[in-house]
Amino acid sequence: MDNKKYLEQLECTGIVPVIKLENTADAVNLAKALYDGGIHCAEVTFRAEGADKVIADMVKAYPDMLVGAGTVLTTDQCDRAIAAGAKFCVAPGLNPKVVQHCLDKGVPFTPGVANGSQIEQAMELGLDFVKFFPAEQAGGLPYIKAISAPYSSMKFMPTGGVNENNLNTYLGFKKIVCCGGSWIVPDKLVKAGKWDEITALCRSAVNKMLDFSVAHIGINCDNEGEAMDVSSKFETMFGWEQKPGNSSVFAGSFIECMKSPFKGAKGHIAVATNSVRRAVYQLKHKGIEADMSTAKYDVDGRMTVVYLKDEFGGFAIHLVERK
């Protein structure tokens, strides 16, 4: 897997579960629990025996899942991980010999760093993506923002102390691609084989990460006069100020009256999310496609708006990135 595709899939997933699986027979059950919950990625650590078997079983069962190896400390572990089908390798620290060995085999390696010197070592090896570990204990997001300032091209995967409650705080910083953590695969649930509960934890984390909410509702009107009349009635009823624009008239912030029929038989619903790109990825896995011809991007190339292909109840749906 090339580095660009690796980073793209990590960014879309957003969450990288760190897995220590002692019973290798549970590999496929755990992979299914993650996959069904919307987490299509796993970092299987070599802190447990048989990590390479777990990787091989997961990759075989879910070939489109981004399965990698964690706590890769030696070239031998690197070779075993790659032979098992690992699509990436991760370590808690930075060992140049191991990193280079993995890169020479064409597999992305994400070493752990905690200071500027280690970031510069990673850059010397040609890397532009590193694991920041242990994230919370080393100073959290404020420290990452401070230490990353001189390194404009470097991106990060914070791991250590990241959980559902602080996940979006980290992901809100544009230099952070994704976050690693074990909170969605608690050891007690894994050992008890409670796969449904793990799936529920994954879904909860994905929903919280995306944080969908209605941004506004667009009503299709036949002409400008009707749009002015409808928006005026909302202002009279609820005190929502009428705000004429080029193609529509808003009543407050949540009702948009179109001056001529637009997308959707009845109108459109704008749904805000923390990441349009991640939302598109997650919805696609639910069988809901985005119309990429409608996508809009900001100056940094980040997708900010896109319509879904289908209408729902006569309404078109478009995703909009929350500012």
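Every read-out reported here was derived from the displayed coordinates using simple, explicitly stated rules and does not represent laboratory data. Since the structure is predicted, the reported quantities are computational estimates derived from the model, not experimental observations. With ideal geometry, Cβ positions are generated from the backbone for all residues, glycine too; neighbour counts draw on all protein chains shown.
Of the residues D310, D298, D187, the one that moves most in a GNM of the chain with alpha-carbon contacts below 10 Å is D298.
Taking each of K4/K105; K174/K243; K188/K284; K32/K97 in turn, the alpha-carbon distance tops 24 angstrom for K174/K243; K188/K284; K32/K97. Build a GNM of the chain with springs between Cα atoms under 10 Å apart, and of K175, K259, K20 the one that fluctuates most is K259.
Between region 67-131 and region 29-65, what is the C-alpha centre distance in whole Å? Measuring centre to centre over Cα atoms gives 19 Å. Run the paramagnetic zone check for K286: 7 angstrom along Cα to Cβ, then residues of region 6-21 with backbone nitrogen under 18 Å. Correct set: 12-15.
The value given for region 3-209 is a Kirkwood hydrodynamic radius of 16.8 Å, derived from the mean inverse Cα-Cα separation.
Placing dummy labels 7 Å off each Cα toward the beta-carbon, the span from R47 to S204 is 2.2 nm.
Modelled this way, with points 7 Å down the Cα-to-C-beta line, the labels at A61 and S253 are 4.4 nm from one another.
As a check on your grasp of the helix formula, calculate [θ] at 222 nm for the chain: sum -39500 (n - 2.57) over DSSP H runs of n ≥ 4, divide by the residue count, round to the nearest 500.
Computed ellipticity for the chain at 222 nm equals -11000 deg cm²/dmol.
Placing dummy labels 7 Å off each Cα toward the beta-carbon, the span from R322 to M1 is 2.7 nm. Pairs of alpha carbons in region 190-323 separated by more than 22 Å make up 47% of all such pairs.
Alpha carbon centre of region 160-186 versus region 269-323: separation in Å? Using only Cα atoms to place each centre, the spacing works out to 22 Å.
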